[in-house]
Each structure stands twice: as C-alpha cells, then as structure tokens.
1. Here are 117, 74: which of them is β-branched (Val, Ile, Thr), open to solvent by 50 Å² or more (accessible area, probe 1.4 Å) and within 28 Å of residue 205 (Cβ to Cβ)?
2. Looking at this structure, is residue 175 closer than 20 Å to residue 15 by Cα and either in the same structural domain as residue 217 (by the TED database) or open to solvent by less than 60 Å² (accessible area, probe 1.4 Å) (or both)?
3. Test each condition in (1) buried (at least 20 other Cβ atoms within 10 Å of the Cβ); (2) assigned to a loop (DSSP other than H, G, I, E, B) for residue 158 and report the one that comes out false.
4. Filter region 186-210 down to the residues that are open to solvent by 50 Å² or more (accessible area, probe 1.4 Å) and either in contact (Cβ under 8 Å) with a residue 40 or more places away in the chain or hydrophobic (A, V, I, L, M, F, W, C) (or both) and list them by number.
5. Please give the number of the condition residue 134 fails out of (1) within 17 Å of residue 194 (Cα to Cα); (2) open to solvent by 60 Å² or more (accessible area, probe 1.4 Å); (3) in contact (Cβ under 8 Å) with a residue 24 or more places away in the chain; (4) not in a strand (DSSP E or B).
6. Out of (1) assigned by the TED database to the domain that holds residue 160; (2) in contact with an Asp or Glu (Cβ under 6 Å, 6 or more places away or on another chain), what's the single condition that is false for residue 111?
7. What do you reckon, is residue 38 without any contact (Cβ under 8 Å) to a residue 24 or more places away in the chain, over 18 Å from residue 166 (Cα atoms) and either open to solvent by 100 Å² or more (accessible area, probe 1.4 Å) or of a type in the set (A, V, I, L, M) (or both)?
8. Can you name the residue in region 120-131 that is surrounded by 16 or more Cβ atoms within 10 Å (Cβ to Cβ) and hydrophobic (A, V, I, L, M, F, W, C) and is also farthest from the chain's Cα centre (by Cα) among such residues?
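The values are calculated or read from the model by the stated rules, or taken from the named source; none is laboratory data. Owing to the predicted nature of the structure, the values given are computational and were not obtained by experimental measurement. Every residue, glycine as well, gets a Cβ built from its backbone with ideal geometry; the counts of neighbours run over all protein chains shown. Heads up: the accessible areas ignore ligands, DNA and RNA and are worked out on the full protein's heavy atoms, side chains in. Shrake-Rupley method; radii C 1.70, N 1.55, O 1.52, S 1.80 Å.
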Amino acid sequence: MAHPVQLSLQDATSPIMEELITFHDHAFMAMSLISFLVLYALLSTLTTKLTNTNITDAQEMETIWTILPAIILILIALPSLRILYLTDEVNDPSFTIKSIGHQWYWTYEYTDYGGLIFNSYMLPPLFLNPGDLRLLEVDNRVVLPIEAPVRMMITSQDVLHSWTIPTLGLKTDAVPGRLNQTVFTATRPGVYYGQCSEICGANHSFMPIVAELIPLKIFEMGPVFTL
C-alpha cells in the first residue's frame, strides 16, 4: 500500500514485481550517472576560461560519445525485453478468474467454482468502517490464493478500463470485445489495493480494485466472500 511522501515503489508481492523493481533501480542508476556527467560538463564549460577557440579534429572523442550511448541503451533494453517476455508467459495456471470492467465497477467470475459471479462496487464514505481506506475500499473483495499461479482473464463491457494492482506488478487493459490475460503468483498474504488505470469516464477514479490474498489451503476449501 502506498503511503504519503513515498519516493520508491511499493513492496513487491510477486516475482514479476521484484523484477520490475530491480529493473527500475538499474535504469535509475544509469540515468543518474548520465545526468551527473552532463551536469559536470555544463559546469565545467561555464566555469573554465577558454584558452583555445579553434575548432580541432577529435575523431576519437566523437567515436566514444557515439558508441558509449549505444552501449548504455543496450544494457537497459536487454533486461527490459526479458521482463516483457516474463510478463506474457503463461505457465499452466492453477486457477482462472475473469474480471469484467463496467462504468464504474468490476464483475468477477470464478469459472472454476461453478460459475460464481459477483460485482464489486466502491464503498461510499458513509458505509466505511474505522480503518477502511476512502475511495479504495469495496463491498466485495476478489479473493485470490498465494503460492499458486493465477490467470486473470480481463475484458470490458462498455469502454476501455485497466485492471491494475501495483504491488503485484499487474496492469492489463480491459478492452471491449477482446479477452486479455495475465498470470501472476503472489508470495505473501494480505489485502492489496489498485484502481482502474485507464480514463474511462466521469467516475474513473471511483472503481477501485481490492485483492485479498489468502493461503492456498484455505482457498481450496472454497472462496471466502462477504456477499
């Protein structure tokens, strides 16, 4: 869960998010080194007295500042492509859950449990209990197991939506007439929050996502809902 004055990403709850955080730190380090180098060059240019204004031939330097940026881009692109392929990989999921976006709520279908279907609406402020998060709590949470690959089938019934939970590293568009999928494996139990990340209308910011992750043994006894 994000908190005020947070500078870094949320703690990872899935292997994919751990990879994303590692790549973020890797790319940020490269950007920081480049920024400091450019800043040093600018300060040196402004503070150093020019003793020679003649244009000189420096092919070696031109070769270096042409090849070096290409090497840096390759070092950033390779891990980025690796994570991109990991996010699209489907490894025989244990459970399949369908999420349908509406204006402005989510519908979940547990196809492996007799077609169990329910809607998830944001709780109005008057219905919040002490400790609930305003604009993030819902009446029916989607319950998911940990330590097992879960496949989310995501689509929309009206306009574009996006099913997003940052701590799980999930962000998949819900497109009308198209069924997108994403697979994740959660590593620790808890309650995790997300929101629609696609501008879908006037109440775009009022269709949160709440995933309650529970141990696999408890989930196998039957999904727990508060309908």
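1. Result of the check over 117, 74: 117.
2. It is false that residue 175 is closer than 20 Å to residue 15 by Cα and either in the same structural domain as residue 217 (by the TED database) or open to solvent by less than 60 Å² (accessible area, probe 1.4 Å) (or both).
3. Tallying (1) buried (at least 20 other Cβ atoms within 10 Å of the Cβ); (2) assigned to a loop (DSSP other than H, G, I, E, B), residue 158 fails exactly one: (1).
4. 187, 188, 189, 191, 195, 199, 202, 203, 205, 206
5. (3)
6. (2)
7. So residue 38 fits the description; yes.
8. 123
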